[in-house]
Structure formats: C-alpha cells, structure tokens
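The values are calculated or read from the model by the stated rules, or taken from the named source; none is laboratory data. Values in this document were obtained by computation on a predicted structure and should not be read as measured data. Note that we place each Cβ from the backbone using ideal geometry, even for glycine, and neighbour counts take in every protein chain shown. These area figures cover heavy atoms from the full protein model, side chains too; ligands, DNA and RNA do not enter into them. Shrake-Rupley method; radii C 1.70, N 1.55, O 1.52, S 1.80 Å.
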Amino acid sequence: MKKKIYVTLIALVLLFSAYYYWENRYVELRPVLVNEDLREPVLFSETSHNQLFKIAKTNEIPPNFYKNIKWVLEREHQEYTVKNGVIYIRYKYMNDYEMIWNHTTKTNNLEWFKSQRKMDSINGDYESKEKLDSIIKEFRD
C-alpha cells in the first residue's frame, strides 16, 4: 500500500514539474494583431480568446515594434531575455495573445509614450523622461 502512495506522489511531482517547466520556458516574442479573417463566429470566447488574435506575418509587423518593445516590456514589468538580438519571454505570457497584442499596439502608439513621459516628469524620473523624449522624437521624424 505504501509503495502505491509513493509511486502516485512521485508521478504527481513529476507531472507538476513538467507542467511548471513548460509554462515557464522562454520562447521568442512575436507581435500579435487582431484576427480580421475570422470565418466562423467565436463560440465560448472566454475559453478560446486567442481565436480573436493572430501572430503577425513579416509584412504586418508595426514599424516601431522592434525599436520600442523593450521599453514597453520594462514599463509593463514583463520579464524578458535577449539572445543574439532576439527577445524571449515566458511561454505562459506569449500564450496570452491579448496581452501581447496590447504590447504590440503600445510600441506604435505615440499617445501612450507621451502619457508615460508625463508620468515620469510628475514622478521626477528625468533619466526615463529623456529616453522617452528620444522615442517620441523618432515618431515625429
């Protein structure tokens, strides 16, 4: 009887460890856009919310995505790593298409950057304010 309990506990620990590893591994960050090509109505949108979004193709990537994504990820307190110039985030976050879509739209949103600059000037963070000034200037050029 004790042997069955130990085997069951070990199996549960192994399954939990595999699940934890799978959810927390790092995968490449890819921009996400709204899926406008839906042919069928979305049923149970709460459970399959990712149907509303799609990973952007190379020609669909917003122009400032790769320039500004690190700034957006830092502002949103999102963990990421960079290897060979490629940004990696945790799988569990990349699997949340709505959140990644939100980050994708912020990379190309001048008003969001202006609001962040305003918050930095209110908080007295002049170093970040100067970095934001350079990003905002790039939007105008």
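Net charge of the neighbourhood of Glu130, taken over other residues with C-beta under 10 Å away and scored Lys/Arg +1, Asp/Glu -1, is -1. The stretch between Asn109 and Asp125, if pulled fully straight at 0.36 nm per residue, gains 3.7 nm over its current Cα-Cα span.
For Met119, Met1, Met94, write out the residues from largest to smallest accessible area, computed with a 1.4 angstrom probe and no ligands counted.
Details: Met119 95, Met1 170, Met94 15 Å².
Ranking Met119, Met1, Met94 by accessible area, largest first, yields Met1, Met119, Met94.
Just checking the listed ones, Phe113, Phe65, Phe16: in the Gaussian network model of the chain with Cα springs under 10 Å, the one fluctuating most is Phe16. Using 0.36 nm per residue and subtracting the Cα-Cα separation, the extra length available between Glu138 and Leu52 on full extension is 27.9 nm. I'm spelling it out carefully: the read-out is Kirkwood radius over Cα pairs in Å, the candidates are (1) 17.9; (2) 19.0; (3) 17.3, and one was derived from this structure. Which label? Read-out from the structure maps to (1). Under a model in which nothing but the beta-carbon of Lys, Arg (+1) and Asp, Glu (-1) is charged, the chain shows a dipole of about 640 debye around its Cα centre.
Probing with 1.4 Å while keeping every protein chain in the model, the per residue accessible area of the chain equals 74 Å².
Distance between the C-alpha centres of the stretch 73-98 and the stretch 3-26: 25 Å, rounded to the whole angstrom. Just the protein heavy atoms count here, and of the accessible area of the stretch 62-102 at 1.4 Å, carbon and sulfur take up 46 percent. For the cross-link pairs Lys57/Lys131; Lys54/Lys92; Lys70/Lys129; Lys92/Lys114; Lys67/Lys92, the ones whose C-alpha atoms lie over 18 Å apart are Lys57/Lys131; Lys92/Lys114; Lys67/Lys92. Counting only alpha carbon atoms, the long axis of helix 2-24 and the longest principal axis of the chain meet at about 20°.
Please give the peptides 84-91, 56-63 ranked by average Cβ packing (other Cβ atoms within 10 Å per residue), highest first, as a rough proxy for protection. Could you put the intermediate results ahead of the total?
Values: 84-91: 13.1, 56-63: 11.5.
Output ranking for 84-91, 56-63: 84-91, 56-63.
Counting only protein chains, not ligands or nucleic acids, how are Leu14, Leu110 ordered by accessible area (probe 1.4 Å), most first? All intermediate terms of the calculation are to be shown ahead of the outcome.
Values: Leu14 115, Leu110 45 Å².
The ordering from most to least exposed comes out as Leu14, Leu110.
What the Cβ-Cβ distance of Lys70 and Phe16 gives, at R0 = 41 Å and to the nearest 0.05, is a FRET efficiency of 0.80. The heavy atoms of Leu12 present about 100 square angstrom of accessible area, all protein chains included, probe 1.4 Å.
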